[in-house]
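Structure first, then comments.
What follows draws every value from the coordinates through simple rules; no lab data is involved. Remember, predicted model here, so these are calculated numbers, not experimental data. So basically every Cβ, Gly included, is an ideal-geometry build from the backbone, and we count neighbours across all protein chains shown.
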Amino acid sequence: MQLPQPFLVLAPMDDVTDSVFRQVVASTAPPDLYFTEFVNVDGLQSPGREKLLPKLQFTAQETPIIAQLWGKHPENYYKTTLELKEMGFAGVDINMGCPDKTVVKNGCCSALINNREAAGEIIRAVQKAAGEDFPVSVKTRIGFSEIDLSWPEFLLSLKLNMLTIHGRTTKEMSKVPVHWDVINQIRELRDQLSPTTLLVGNGDVLTRQEAMEKAEEYKLDGIMIGRGIFEDPYVFAQQSPWPDMTNQQKMELFQRHIELFAQTWQNNERKVHTLNKFCKVYINGFDGAKELRERFMAASTVEELRDTLLAVMAVAPLGHLD
Ligand SMILES: Cc1cc2nc3c(=O)[nH]c(=O)nc-3n(C[C@H](O)[C@H](O)[C@H](O)COP(=O)(O)O)c2cc1C
């Protein structure tokens, strides 16, 4: 996998960055690297597997792409990593950052920050299956209740290929500003302990320019952008056209998104609620946008959503909305 320096990554976001939305982003302004949503290895290695496989679906446009895993049992990470290698992924990432209460209660994701033994077992199982040529990465936070540099130090001792740091603790959720100073300290640790591990900073970056500035200031290899894509689907562009686009053009992009969703998930693999909430991205910033969004949110099928959009676009050529 060849990446520029610095490189930009589209963050994994569950129920958001599926293959369809990644294709939309690939068509507007592609990042240098994609992640899947997090996928549970214990589910993948159970009879319920079929239901989870759509999360691992991707097209050639969304590459290079890393599959993100979470779960409990090292042997399921091992088996899944062997499968990912066959599926054409560029690498595997282990989620050690999700703060969701149910997940944490079950000892998974960011709960592993406080359970180094289990974290080490999982990483070693993935590394064993990955072998020499399949990159292994971890995405995590800067501590559980408190900022805790012994955690990245531990991770760096395991010689990961990449480490992504969301600069908040689990307890902080998304409620406080990102601690970029701590990300910088972790980069210094990386320089000392594991210089070949690529370090990616994440949290609250809203523009490409900001990403480039952060990478330079903190000497990071890459920057990951998540929610910034909701503010601007062209966030990875050198020069985003989004602020100058008409409401009609934005709705046309929504229309493309809906069509692609309908084509891709023909067997109802994804629920319509994962699609209609995107109306916030595309229908925004003009009088009546809120009321219009309410109509989209009420749609209970993709067809209904598509019809609503077509009706809106036909009735009001949206000139008056611009
Ligand atoms: C709706 C949503 C779903 C998310 N799902 C995941 C996920 O599946 N895996 C993961 O590692 N992080 C997930 N995250 C966290 C993001 O990847 C990212 O770390 C976080 O949003 C901070 O970055 P940002 O400020 O650029 O959005 C999710 C975030 C959001 C908002």
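Were the residues from Lys128 through Glu213 laid out at 0.36 nm apart, the gain over their Cα-Cα distance would be 27.0 nm. Candidate cross-link partners of Lys105 among the lysines, defined by an alpha-carbon separation under 20 Å and a same-chain spacing of 8 or more, comprise Lys72, Lys139, Lys171. Measuring r between the beta carbons of Ala60 and Asn268 and using R0 = 22 Å, the FRET efficiency lands at 0.35.
Distances between placed amide hydrogens fall under 5 Å for Gln68 paired with Thr36, Val39, Asp93, all partners being 5 or more residues away or on another chain. Find how many whole Å separate the alpha carbon centroid of segment 192-208 from the alpha carbon centroid of segment 252-297. Going from one Cα centre to the other spans 32 Å.
With a Förster radius of 22 Å applied to the C-beta separation of Ser150 and Glu117, the computed FRET efficiency comes to 0.95. In summary, the lysines within cross-link reach of Lys55, defined as a Cα separation below 16 angstrom excluding same-chain residues under 8 places away, comprise Lys85, Lys271. In terms of Cα to Cα distance under 12 Å, which aspartates and glutamates are near enough to Lys128, apart from those fewer than 8 places away along the same chain? Cross-link targets: Glu75.
For the chain, the mean residue ellipticity at 222 nm estimated from helices alone is -12000 deg cm²/dmol, where every DSSP H run of n ≥ 4 contributes -39500 (n - 2.57) and the total is divided by all residues, rounded to the nearest 500. The stretch between Asp15 and Arg227, if pulled fully straight at 0.36 nm per residue, gains 75.0 nm over its current Cα-Cα span. Distance between Cα centroids, segment 128-165 to segment 68-103: provide it in whole Å. After rounding, the separation between the Cα centres reads 13 Å. 3J(HN,Hα) along segment 3-20: 10, x, 10, x, 10, 10, 10, 7, 5, x, 9, 4, 6, 10, 8, 7, 4, 5 Hz, from the Karplus curve 6.51 cos²θ - 1.76 cosθ + 1.60 with θ = phi - 60°, whole Hz, x for Gly and Pro.
For the pair Lys159 and Asp100, a Förster radius of 41 Å applied to the C-beta separation gives a FRET efficiency near 0.90, rounded to the nearest 0.05.
Our estimate of slack between Val315 and Ala237, defined as 0.36 nm per intervening residue step minus the Cα-Cα distance, is 24.9 nm. Taking only alpha carbon atoms, segment 221-299 gives an Rg to Rh ratio of 1.00, where Rh is the Kirkwood radius. With each label point set 7 Å from Cα along the Cα-Cβ vector, what nm distance links Gln185 and Gln2? Each label point is offset 7 Å from its Cα along the Cβ direction, giving 3.8 nm. Relative to the longest principal axis of the Cα atoms of the chain, the long axis of helix 247-264 makes an angle of roughly 60 degrees. The Rg/Rh ratio of segment 7-231, with both radii computed over alpha carbons and Rh defined as the Kirkwood radius, is 0.93.
Using mean Cβ contacts within 10 Å as the protection proxy, how do 146-155, 59-68, 29-38 order, highest first? Provide the component values of the computation, followed by the final result.
Details: 146-155: 17.7, 59-68: 19.2, 29-38: 22.4.
Highest mean packing first, the order is 29-38, 59-68, 146-155.
Highest mean first, how do 163-169, 247-253, 7-13, 128-134 rank when packing is the count of other Cβ atoms within 10 Å averaged over residues? Numbers along the way, then the final one.
Working: 163-169: 25.3, 247-253: 18.0, 7-13: 22.7, 128-134: 13.7.
Going from most to least packed, we get 163-169, 7-13, 247-253, 128-134.
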